[in-house]
Every structure is written in structure tokens, then in C-alpha cells.
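A quick write-up on the structure given underneath.
The values are calculated or read from the model by the stated rules, or taken from the named source; none is laboratory data. Fair warning: this is a prediction, and the values are worked out from it, not measured in the lab. Glycine also receives a Cβ, built like all others from the backbone with ideal geometry; neighbour counts cover every protein chain displayed. The accessibility values were calculated without ligands, DNA or RNA, using every heavy atom of the protein model including side chains. Shrake-Rupley method; radii C 1.70, N 1.55, O 1.52, S 1.80 Å.
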Amino acid sequence: MNKSIVFSLLTALSFSACKTAKHVSNETKEISVIADKASHGVYKETEKREFDLLHTDLDVSFNWTEKQLLGVAKLKLTPVFYDQTVLNLDAKAMDIKAVGLIDSLGEVKPVEFTYDGLVISVKLGKVVTRKDTINVFIDYVANPEKVEQPGSEAIHMAKGLYFINADGDHPEKPQQVWTQGETEASSCWFPTIDIPNEKTTQEIRITVQDKFKTLSNGELAYSMLNADGTRSDVWRQEKPHAPYLFMMSVGDYHVIEHDWRDIKVHYFVEPKDSNYAELVFGRTPEMLDYYSDYLGFEYPWAKYDQVLVRDFVSGAMENTSAVIHGEFIMLDSLEYLDQNFEDIIAHELVHHWFGDLLTCESWANLPLNESFATYGSYLWREHKYGREYADMNYHSNLRSYLWESAYKQEDMIRFTYENPMDMFDSHSYAKGSTILHMLRKYIGDEAFFASLKVYLNENAYQTVEIHDLRQAFEKVTGEDLNWFFNQWFMDKGHPSLFYTYSYDAVNDSLILNIEQLQNLEKTPLYKLPIDIDIYHGSRAERKRVWANEKKNRFAFAVDGRPDNVNFDATKSITCEKIEEKPFEAWAHQYRNAPLYLDRYDAFEKVLVHCKDSASKATNDLMWEFMEDKNKNIRMMASYSYPFIQEKDSAELRLKMLDVLTKDPASSVRATAIMVLTKLPENQENVFAIRKALKDSSYMVKAYAIEALYVTDKEFLLKKVSSFENSDNSSIVNSIAKIYAKEGDQAYQAYFQEKFANFTTKKMYLQKSYAAYLQKQSEDSIRSAVKHLEGLASSPFYTDKDKSAMANVLLEMVVHYYSRMNDLKKDIQDEKDSNTRKNDLPAKEARLKKVEESYKLIRESLKNVHEKLNESSMKNIQDQLNRAGIE
Ligand SMILES: [Zn+2]
């Protein structure tokens, strides 16, 4: 699964019943982990399996009006080991019409069952042994709208099955049905054993109106037209996979087909997006080649399809051979210049080995799915675009984890989570990918990929826990790796490393001190192999040291004073570093060390140095940063320069004008606009930024719009309406900010249209719209509030849309509340004072009006509030509480 992602200019970053502990693993470390956690959590054991689900046969159709699925399930099962008399099946919020056992002649014999809304207990009427196979028949109706399961940060809702524009009332929105199973929501649309440590083959017959296309796991076996004009598509998956990976989607799609080796690859997109499907998904066959060859296990499934759905509840989902993507992934060719989501396409594909072929046996072992999928994006970048681009991905993962670690530190493999969705955090994704990278750098590329090959081949179509991974690496390398897995996967936190070095001229040696500063009560003392490069000129000599103690001291014979000591030369230790080196060493590192992070670290340190003591040397280096081959360093250096140097640098101005027209990266060109607006006014700058309104990139255009509003307002206000049709979020955001500042009544239509349409990310508008409304008349505000309330009552908008609408109302409530209190205070002050100005009646009349508006907006917010999901509701309530509003 891939969580929704938030983007910024500087970083493109990237979300039941309790069981009691009965089973304790033989692994010694696991026992100590359990003992440690006993005091503050309940151990989540791997789900007990009584039956093995061998095959799932579903026959489904839809009642769109009632948002129901009408299904018949035939399940083939056998006991795992012990004799059984009762079969328990997960089935959430269903109407169970009939349950029976199918005999050898294919006849259904009804059996007794009980159902509590979550589990069907089927009384088998006999003792079933492990030599027996039973075929269970269930006639049911699934009611996803009646499911009561909390969502989470990564998945906003968990009702398993979703109808989009079910009654077809809204022509702008397509009619679709789609599913989302992870973690335990597949049992909202078919009865199953809804645990990750179950695997079944499947066949699904989906009956729909002939106008729709369907998609599911496996191959389309056949289609048939029915007498009533509907069509039934039969999808068959002959290799077993976990129930949470079952998938179905229905809609009007344009389908693009490719051949890859001997299977088909399809992209299902809405007809309006068909021109850009190749742009977005076109590298998929090359990725299939890469992963099949490098992982040592050919892509194992019958086909590979990707489908775009509306209002998806997560970022993307790795359903076996039928990946669902949220609509955000679709970019046009111009948007693609600013960003792309190739990492996500790679992530979902890698899951087809790590997650689908080998599945974590319990959610406690989720890093076996997500860390690999996240690291898979790194591997693809490295293979396709080189180490530099891959290391940018590593860097953002490391920062994402370190950011999360400031408020949350958990074991990677953890058995005491509250809700399985708690596992879908930056630990399981980002930190895990950096740990795999560190392991690779420790054992070497050849051993790393050989170990993955063993792991995949020995565990294919099975479930795995972390020890299976360790054993595969141990088999290949011949080394006991408990030390590595225990400190990184079974424990929490990370090392915080303080190092210093000095040159001992008497003995011609280098002294290196490394101290582990992390809190050892909560975090382990790490055993750390660290590579050190000692530089003399451009020549580096590599040493590996083991920093296993709290304080470590090393001495190396050298040939004269080193120019730099590059600590963690492979830039692969998941840690925080406290580094004290002279400026000259950082400058040397920037100019001589080979990796992106060598240069990025040097840039950050030099920046600090510049602020303390700028000199010609620091200035020269800043200019080198602005010429760096990497866009991130060019962008950060350009952005930072005006803060550390004299503002009227004519040289900088010329440089930025050059960057604005010539830099290949849109983020760097956009930064040049920001820098130019910080420099003293100059007509030449204004003309250059005017030209940037015609740049190919939306991001650059958006920056130009905002910059011209400051420096060339009259010109900009004449031009800006020509951008109103754009739904690009950067452009929308910039226009909205300007319209809010201007406050002209004519701009109301722009906001109303953007809130009403279905494509804009409304969160980019909410602040500006509230600020805009505060400048309007009482009557306009009241009508705007009613308009928003009306939109939020419509079933066509997503939770995120509704949350943005509620946030506008919230801002208005807070604004009116404070206006009301100010006026009341003002009136009271005037009453209390001896110098009455006689405008009390006017003020009281104004207060009355403000009170009326407040009441109306507060009422609208209440109505919209009820329609929000749990987390948005809580967010609004928290903000009301903070403002002291009832
Ligand atoms: Zn994932």
C-alpha cells in the first residue's frame, strides 16, 4: 500500500477484538521482546489457523441504488491439522441468506449457522479431519455502508467496497465500483478467513451492465452476455494469495495493452486521460524486466494491470496483478515536468514479490512487505537513472523516519500495536528501506541480491516472518546476523553519533573518536561497522571501523595531515550525526567525495558556517553549489544565498536571470523567481518574470504569478484571469492567494467554481477562500456559506473535499466569534465610559447583524461537521475548543 503524499517545493516525500497471548515463539529475541512489552501492551500473536482456505469461488453482482453486493460464495477448505466441527468465517455487516455444504454431486445441503454481524459460525454437523475437504456455500448480501470499522491515516475508511456516483446523478463524475482489502476489509465484500497468513486461489464472476469494464486478480477467463443484457466476466487466479489482496473494479475505462514476455500488461484509465497513460505508466514493462532479473525470481503472476479509481481511500494498493492507483497519479505532460510518481508505480510492482508472493504472516511483520516495496523504488531509480537520483530517494526516506522518530520510536517488528493500521508508518516504510540499504552496503551487492533470491525462492507462495529473511542472508553470507537483525528490526530508535578527529603530527597518525550519544535506556548500544575515507588530495583510503562501544577511539597511520575524513563514507548508517569539522574539510568533501549525500551534507554545513563567518572562500563555494549537477543543491543554494550575502549583489541578479531561462529543473527556475523578488527592484527582473508566465512548467508559472503580484500588480491583474481554467494545484493556489488579497467581489465566482468541481485539490484553496470571504458583505458571506454547506451535503464529494469545505466554515466561525466579542467589548467600554460618542445605536445594530451571521455560519458548520469522517471531525472540534467556541 502506498499512503497519500504531501508535496512541497523543497521536499517531495512521500498510511476488533483483542487477542490474548497464547503462543510464544522459540526465537529467543522474540521472547525478550514479549517480556519487555508485557507491561504496556497486549501481545498480538500470529492469527491462529484452524482451516486452510484452498479456493474461493465468488459470483457477484451489484445493487447500485442500495450500494450492495449480491453474492454467492463457494469456499473449499480443509483443516490445518486438528479435527474440526465448526468453521468460523469473517463476514462483516452482511445479510446471510443461506449457508450449506456442497456434496459430491454438487447439491447444497443446508447447515446450521450463527452470525453476529462479524463472524459466521458454520456448524459442520460432523467431525472434519485433515484428510477431508469441505465445500461451503454462502448466499449473501454485502452492505459496505453498514460496516463499522475505523479508518486510519493511511486508509481513511475501511468498508471494503466503494460505490462512486452510484445512482449516476452526477454527469461529471464517472460511476465506479472498487475494493480495498488491506488490512482486514475484504471480509466486507465476501466471507473469508480475513488474515494475512491465509492464501487461496480464486475465481470471481462479476456481472455488470454491458457498458462497464471489469477488472480483478488473475486472467480474464471468459465473458458472456446474459439474456437480460448484462455481461458476466469471469476472472481466474490460479496461484494462491492472501484475502486482503483480492480486488475488483468496475467502470468506464480506456484500456491500453502491452505484451511483456508471455503475459499482458494493461493500464485502465478514464477515457479523458488516455493520452497520458503511456507517459505515467509506460515504464512498467521495463520495471518488470528489471525486477524479474535482479530479484532472481521471474514475475510470478498471470498478468500485470494498473487501474485508476476515483476517490481512492489510500495512495495505491498492490492487489495481486491488479493494482489500484488514486487519481492523483495521473499527470498531463506539463505537470510531469514538475513531478512524477514513478516511485509509486515501482513500489506497487515490487510488492508483487514482497507482499503478494511472500506475505508477512502477521501485521507485526509488515516491514517484510513495506520496507522492501519502499526500497524497491530506490533500486529502480539506481538501475534506471543512477546512484545520484537513487540517493535522493534514500535521503528523503531517512529524513522522513528521523522526523517521525522525534515523537514516535517503535520496534520495527512490533507485537503490541493497538490497530494493524498503526503499523503503516514511516518506520515500516522509510526506516525499513534505509535498514535494507545498510544491510546491502555491509554484505555487498552480490551477497545482497543472492540472499533475496534464496529468500524469494524458498518462501514463494508462503507467509514469512523476519527470521526467514535473516536465515536467507545467513545462508548466503555464512555469517550469524542476529546482531544486525536484533538491533535494527527487533529494537527501537537509532544511533546518534558524535565524532571528532585530529592529526597527531608526532606519530603521523589520525585519531578518530566516535561516541554513541543515544539514550541507552530506551535504545540499544549499536554494533556499527562504519566506513571511513581518509583523503589526501583527491586520493581516498577506505578504512572500516567497528564502533561497538559508547566511546570508541581509533588510530590510523597516515602519510601527512589528511585534507578530510569522510565519516560513513557509503552514507548508509541509519543515524543522526553530530559532526565537527573545519570549513576547509567540508569544502574538500564537497569537491572530492563521490556521493550526493557527501555534497548535500557539505552544503548544509557550509551554510551554517556562512551565517557565522562569511568569507570569500564561503562565497566561492556557494557559487559552486549554485552550479551543482543536482537540482536539489542548486535550488537550496539559490534560495539560501540572499540570506547570507549582501542583498544588492548584481552578480547574483544576473545569475538568477540566467537560471530562470536556462536551468532544466522547474524547481530551480521557480526558486530563481523567488530570489529575484528578494533583490532590489529592477525593471529587467520584472520583464524576465513576465516571460516566465509562458514557461512550460506550472510551478514556474505559479511562482511568476505571485511574484508579479508584488512587483507588477497592474499587469498581473490584467493577465491572471487567463489562468483561471487551470486545475493545476500550484496555479490554483497562487490565483486564490491573490484573489483573497484583492477581495474584489467579482472573484467570488472563481472560488465557487473551484469548490464545486471535482478535480481540484480543495485543501489548496481553503485558507484563501476564508480570507477572501472576510472581505465581503454580510449578504455575500451568507450566500457563500450556504453554497458550501450545500456542496458538503452532496454525496459526490470526497472526505477530503468536505474537510476543506468545513475548514473554510471553521475559519469564518472563528472570525465572526472574535468580531462579535470585539464589538461587545467596544459597546461595553463605551457604556462604562463618561464620554459617550452617541454611536451606540449604530454599534448595537452592527452587533445584531454580526450575531445573526455568526449563528448562521455556526449552524452550517454543525451540519457539515456531521458529514465528516472521524479524524476530520476531531480536527474541527479541537480547533473550536482551542478558540473557546461551544
Ligand atoms: Zn506498500
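Miscellaneous remarks
- Criterion (modelled with pLDDT under 95, within 26 Å of TYR797 (Cβ to Cβ) and surrounded by 20 or more Cβ atoms within 10 Å (Cβ to Cβ)) met by exactly one of VAL147, VAL177: VAL147
- Members of region 217-236 that are assigned to a strand (DSSP E or B) and open to solvent by 10 Å² or more (accessible area, probe 1.4 Å): GLU219, LEU220, ALA221, TYR222, SER223, MET224, LEU225, THR230, ARG231, TRP235, ARG236
- Of the helices (runs of 4 or more DSSP H) that lie entirely inside region 655-734, those containing 2 or more residues that are in contact with a helix residue (DSSP H, G or I) (Cβ under 9 Å, 6 or more places away or on another chain) and within 22 Å of TYR641 (Cβ to Cβ) span 666-678, 683-692, 698-711.
- Condition check for SER396: at pLDDT 95 or above, assigned to a helix (DSSP H, G or I) and touching an Asp or Glu at 6+ places or on another chain (Cβ under 7 Å): no
- Helices (runs of 4 or more DSSP H) lying entirely in region 265-347 (those with 1 or more residues that are within 16 Å of the ligand (Cβ to nearest atom) and closer than 30 Å to ASP445 by Cβ): 284-294
- Scan of region 288-325 for residues that are among the basic types (Lys, Arg) and over 29 Å from VAL454 (Cβ atoms), ordered by number: ARG310
- Just one of (1) open to solvent by less than 40 Å² (accessible area, probe 1.4 Å); (2) within 30 Å of HIS588 (Cβ to Cβ) fails for LEU693. It is (2).
- For GLU418, the requirement of being more than 16 Å from the ligand (Cβ to nearest atom), in a helix (DSSP H, G or I) and surrounded by fewer than 19 Cβ atoms within 10 Å (Cβ to Cβ) is not met.
- Candidates LEU337, LEU368, LEU402: the one that is open to solvent by 20 Å² or more (accessible area, probe 1.4 Å), within 29 Å of TYR43 (Cα to Cα) and not polar (S, T, N, Q) is LEU402.
- Taking strands (runs of 3 or more DSSP E) as the structural unit, those lying wholly within region 447-541 and holding at least 1 residues that are polar (S, T, N, Q) correspond to 496-504, 509-516.
Listed here are the residues, each with its yes/no results for (1) more than 47 Å from the chain's Cα centre (by Cα); (2) open to solvent by 20 Å² or more (accessible area, probe 1.4 Å); (3) at pLDDT below 95.
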{"site": "THR835", "(1), (2), (3)": "yes, yes, yes"}
{"site": "LEU840", "(1), (2), (3)": "yes, yes, yes"}
{"site": "VAL864", "(1), (2), (3)": "no, no, yes"}
{"site": "ASN869", "(1), (2), (3)": "no, yes, yes"}
{"site": "MET873", "(1), (2), (3)": "no, yes, yes"}
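- Checking every residue in region 92-112 against the condition of being in a loop (DSSP other than H, G, I, E, B), touching a helix residue (DSSP H, G or I) at 6+ places or on another chain (Cβ under 6 Å) and either among the hydroxyl-bearing types (Ser, Thr, Tyr) or open to solvent by less than 10 Å² (accessible area, probe 1.4 Å) (or both) gives zero matches.
- Region 727-745 residues that are hydrophobic (A, V, I, L, M, F, W, C), paired with ones that are open to solvent by less than 60 Å² (accessible area, probe 1.4 Å) and part of a loop (DSSP other than H, G, I, E, B) (beta carbon under 6 Å, 6 or more apart): VAL732/THR760; ALA736/LEU765
- The residue of region 373-399 that is surrounded by the fewest Cβ atoms within 10 Å (Cβ to Cβ), among those that are away from the ligand (no atom under 16 Å from the Cβ) and farther than 22 Å from ASP601 by Cβ, is LYS384.
- Complete set of residues in region 348-359 that are more than 11 Å from the ligand (Cβ to nearest atom) and touching a strand residue (DSSP E or B) at 6+ places or on another chain (Cβ under 7 Å): LEU358, THR359
- Pair list, Cβ < 7 Å and 6+ apart or interchain, from region 585-614 residues that are closer than 18 Å to GLU541 by Cβ and part of a helix (DSSP H, G or I) to residues that are of a type in the set (A, V, I, L, M, F, W, C) and open to solvent by less than 10 Å² (accessible area, probe 1.4 Å): GLN589/ALA602
- First in region 362-385 and at pLDDT below 95, second anywhere and within 16 Å of the ligand (Cβ to nearest atom) and open to solvent by less than 10 Å² (accessible area, probe 1.4 Å), Cβ under 9 Å, 6 or more apart: none
- From the options VAL60, VAL128, VAL122, residue that is open to solvent by less than 60 Å² (accessible area, probe 1.4 Å) and out of contact with any Leu (no Cβ under 6 Å at 6 or more places or on another chain): VAL128
- Reported count of residues in region 63-81, each being out of contact with any Ser or Thr (no Cβ under 9 Å at 6 or more places or on another chain) and open to solvent by 70 Å² or more (accessible area, probe 1.4 Å), is 3.
- Taken over region 44-57, the criterion of being part of a loop (DSSP other than H, G, I, E, B) and buried (at least 19 other Cβ atoms within 10 Å of the Cβ) is satisfied by LYS44, THR46.
- Pairs where the first residue, in region 442-462, is under 20 Å from THR359 (Cα atoms) and the second is in a loop (DSSP other than H, G, I, E, B) and aliphatic (A, V, I, L, M), C-beta under 8 Å, 6+ apart: PHE449/LEU295; LEU452/LEU295; LYS453/LEU295; LEU456/LEU295; LEU456/LEU357; ALA460/LEU357; TYR461/LEU357
- Near pairs, Cβ below 6 angstrom, 6+ apart or cross-chain, from region 788-815 (farther than 20 Å from GLU852 by Cβ) to any residue that is polar (S, T, N, Q) and surrounded by fewer than 24 Cβ atoms within 10 Å (Cβ to Cβ): ASP799/ASN869; SER803/SER872; ALA804/GLN766; ASN807/GLN766
- Hits in region 360-372 (condition: within 14 Å of the ligand (Cβ to nearest atom) and not in a helix (DSSP H, G or I)): CYS360, LEU366
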